[in-house]
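Trainee: Sharing a structure here in structure tokens format.
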Amino acid sequence: MKKLTALFLTFLLLLTVCACGSSGSEGEGKDPSGGKEPNAPLTVAEQVCYDENNIKITVTSFDEDGSFMGPELKILVENNGEKNITVQVRDVSINDIMIDGSLSTDVAPGKKANDEISFMSSDLEIANIKTIKKIELYFHIFDS
């Protein structure tokens, strides 16, 4: 449970810094979007969000168009351990609204896997989310 809590806090910090960060302070009379269009697409800098027990998960990018299902958060999972692992995503929140996210990837010992966390466009529409500003989630990692 401590690992999941640490993972969640790490990922929360990553997304807060990447998605919501600003290079300057936002004072009264300033444009809160930092000069960007209000509906500018989310950008994510490549960053390691989990690195423990010979498992490393790196967020590599965000694809707003994604697949036919909807937007995707691209990740790289590295298994430097001695056991097969499965990585899944749980408890996804976008802009503080719970949304279903889809990821389940198996990684053999000593291997890497490029995969993506998919979000259904229909779920985003139902939740009235037009612009993704913040993503929070848990990774569930287990010996498969």
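Trainee: Under 5 Å between amide hydrogens, which residues at least 5 positions from HIS140 or on another chain qualify, with H placed 1.01 Å from N in the peptide plane?
Mentor: Long-range HN contacts for HIS140: GLN88, VAL89, ARG90.
Trainee: How much length is gained on full extension from SER61 to ALA113, taking 0.36 nm per residue of separation minus their Cα-Cα distance? Please list the in-between numbers first.
Mentor: Numbers: separation 52, 0.36 × 52 = 18.72 nm, distance 1.46 nm.
Extra length from SER61 to ALA113 when fully extended: 17.3 nm.
Trainee: In nm, what is the difference between 0.36 nm times the number of residues separating ARG90 and MET69 and their Cα-Cα distance? Provide the component values of the computation, followed by the final result.
Mentor: Details: separation 21, 0.36 × 21 = 7.56 nm, distance 1.79 nm.
Length gained, ARG90 through MET69: 5.8 nm.
Trainee: Enumerate the aspartates and glutamates that LYS133 could reach by cross-link, defined here as Cα to Cα under 16 Å, with residues fewer than 8 away along the same chain left out.
Mentor: LYS133 reaches GLU37, ASP63, GLU64, ASP65, GLU72, ASP96, ASP123, GLU125.
Trainee: ³J(HN,Hα) across the stretch 115-126 via Karplus (A = 6.51, B = -1.76, C = 1.60, θ = phi - 60°), whole Hz, x for Gly/Pro?
Mentor: 8, 9, 9, 9, 10, 6, 4, 5, 5, 5, 5, 4
Trainee: Give the ranking of GLU116, GLU82 by solvent-accessible surface, highest area first, calculated with a 1.4 Å probe.
Mentor: Working: GLU116 60, GLU82 175 Å².
Order by accessible area, largest first: GLU82, GLU116.
Trainee: Sticking with the crude label model, points 7 Å out along Cα→Cβ, report the distance from ASP51 to SER121 in nm, one decimal please.
Mentor: With each label point 7 Å from Cα toward Cβ, the separation is 3.7 nm.
The values are calculated or read from the model by the stated rules, or taken from the named source; none is laboratory data. Small disclaimer: the values here were computed from a predicted structure and weren't measured. Every residue, glycine among them, receives a Cβ derived from its backbone with ideal geometry; neighbour counts consider all protein chains shown. In case anyone asks, the SASA skips ligands and DNA or RNA and just uses the protein heavy atoms, side chains included. Shrake-Rupley method; radii C 1.70, N 1.55, O 1.52, S 1.80 Å.
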